[in-house]
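S.K.: What follows is a structure written as structure tokens; I'll ask about it next.
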């Protein structure tokens, strides 16, 4: 990987952007600041117009202009650090989810209860909550405090929406 030149205020925004890109034969990889949405995928991040946005969205803006409201910038190559314009395409959030499933990256939907990566309780703790829940006023709040989880988690457990 090449060393990144130091950007300064005399560089234009596109110059500063391209200083953070390593153009390989396949993908153009963002080598600047990274942010993980899930702890696994490292998306490039850049400051654009006073806001932090994904580097692949910034690449779209540089090459194609505005992103219509409600659309996402998706990767054909499945590389979250890629900013190569011909590897990017626009789609809705539903398109993004379908793309994720079709490429075998959707791992959360088949993980239920404690196997879900964002689970706050074990299956046993959820079963205990269901057993001791009587439906009395304020009980969801009390159980949430007892198990140190948000009220919504307890509510979803006792109504059999999760776990």
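S.K.: Among 56, 11, 87, rank each residue by its count of other Cβ atoms within 10 Å, from fewest to most, as a rough exposure measure.
M.R.: Lowest count first: 11, 87, 56.
S.K.: How far apart, in nm, are the 7 Å Cα→Cβ label points at residue 162 and residue 139?
M.R.: 2.0
S.K.: Over all directions, what mean area does the Cα convex hull of region 57-106 project, stated in square nanometres? Walk me through the numbers before you get to the answer.
M.R.: Working: hull surface 13.2 nm².
Value for region 57-106: 3.3 nm².
S.K.: Could you give the C-alpha radius of gyration of region 113-158 expressed as a fraction of 2.2 N^0.38 Å, taking N as the number of residues it contains? Walk me through the numbers on the way to the answer.
M.R.: Values: Rg = 9.9 Å, N = 46, 2.2 N^0.38 = 9.4 Å.
Ratio of Rg to 2.2 N^0.38 Å for region 113-158: 1.06.
S.K.: Same structure again: Using only the alpha carbons, work out the radius of gyration and Dmax of region 13-102 in angstrom.
M.R.: According to the Cα coordinates of region 13-102, Rg and Dmax are 12.4, 36 Å.
S.K.: Which of 132, 53 has the fewest other C-beta atoms within 10 Å, and how do the rest follow up to the most?
M.R.: Going from least to most buried by this count: 132, 53.
Here, each number is a calculation from the coordinates, and none is a lab measurement. It should be emphasised that the depicted structure is a prediction, and the values quoted were computed from it without experimental measurement. Methodologically, a virtual Cβ is constructed for each residue, glycine included, from the backbone with ideal geometry; neighbour enumeration extends over all protein chains shown.
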